[in-house]
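Enquirer: One structure coming up, written as structure tokens, with questions to follow.
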Amino acid sequence: QVQLVESGGGLVQAGGSLRLSCAASGRTSSTFVMGWFRQAPGKEREFVAAIRWSGGSLVYTDSVKGRFTISSDNAKNTVYLQMNSLKPEDTAVYYCAARIGTTTPGRANSYPYWGQGTRVTVSS
């Protein structure tokens, strides 16, 4: 089993920044892809960003390119999502997920491991 725990969410004004963390434990794999997804009330879960556990092959959805940065720290078994220039439309519960490496990292239903989510609220 793999356990994922997100942290770092909160309330921030538009234009501000937050850094989300996802701590992984259990039977992790060097071949994992780590993904960040988000879900706003009444909307489908949306892909945000992904990274290979080794730290390469960064992928972002168009709406966050240039504002968000995903990174990994293998020594700490942790992935991060640095979110800058936040907008009210970024308001959502953010989830960390993990799966064996894939060429299509944006499909939520392909990830078997998920964290509990951390809430991000951006005020206008």
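Enquirer: From the list S72, S21, S54, which residue is free of Cβ contacts under 8 Å to residues at least 40 places away in the same chain, touching a Gly at 6+ places or on another chain (Cβ under 6 Å) and closer than 20 Å to P112 by Cα? First the steps, then the outcome.
Expert: Working: S21 fails: free of Cβ contacts under 8 Å to residues at least 40 places away in the same chain; S54 fails: touching a Gly at 6+ places or on another chain (Cβ under 6 Å).
Answer to the selection: S72.
Enquirer: Out of all the residues in segment 71-87, which are assigned to a strand (DSSP E or B) and surrounded by 13 or more Cβ atoms within 10 Å (Cβ to Cβ)? So that I can check it myself, show each step before the final result.
Expert: Pass one, segment 71-87, residues assigned to a strand (DSSP E or B): 71-73, 78-83.
Across segment 71-87, the qualifying residues are S71, S72, T78, V79, Y80, L81, Q82, M83.
Enquirer: Output yes when any residue across segment 88-108 is at pLDDT 95 or above, in a loop (DSSP other than H, G, I, E, B) and more than 14 Å from Q39 (Cα to Cα), and no when none is.
Expert: Within segment 88-108, not a single residue is at pLDDT 95 or above, in a loop (DSSP other than H, G, I, E, B) and more than 14 Å from Q39 (Cα to Cα).
Enquirer: On to the next question. Given the conditions (1) within 12 Å of the chain's Cα centre (by Cα); (2) of a type outside the set (S, T, N, Q); (3) open to solvent by 30 Å² or more (accessible area, probe 1.4 Å), report the number of the one that A50 does not fulfil.
Expert: (3)
Enquirer: Which residues, counting only those in segment 3-45, are crowded, with 16+ Cβ neighbours inside 10 Å, in contact with a Lys or Arg (Cβ under 6 Å, 6 or more places away or on another chain) and modelled with pLDDT of 95 or more?
Expert: Result: G8, G9, F37.
Enquirer: Still on this structure, please answer the following. Does G15 meet the test of being within 20 Å of S123 (Cα to Cα), outside any helix (DSSP H, G or I) and not aromatic (F, W, Y)?
Expert: Numbers: within 20 Å of S123 (Cα to Cα): yes; outside any helix (DSSP H, G or I): yes; not aromatic (F, W, Y): yes.
Here the answer is yes, as G15 does meet what is asked.
The values are calculated or read from the model by the stated rules, or taken from the named source; none is laboratory data. Quick caveat: nothing in here was measured; it's all calculated off a predicted structure. FYI the Cβ positions are ideal-geometry reconstructions off the backbone, even for glycines, and counts take in every protein chain you see. Note: areas computed on protein heavy atoms with side chains; ligands, DNA, RNA excluded. Shrake-Rupley method; radii C 1.70, N 1.55, O 1.52, S 1.80 Å.
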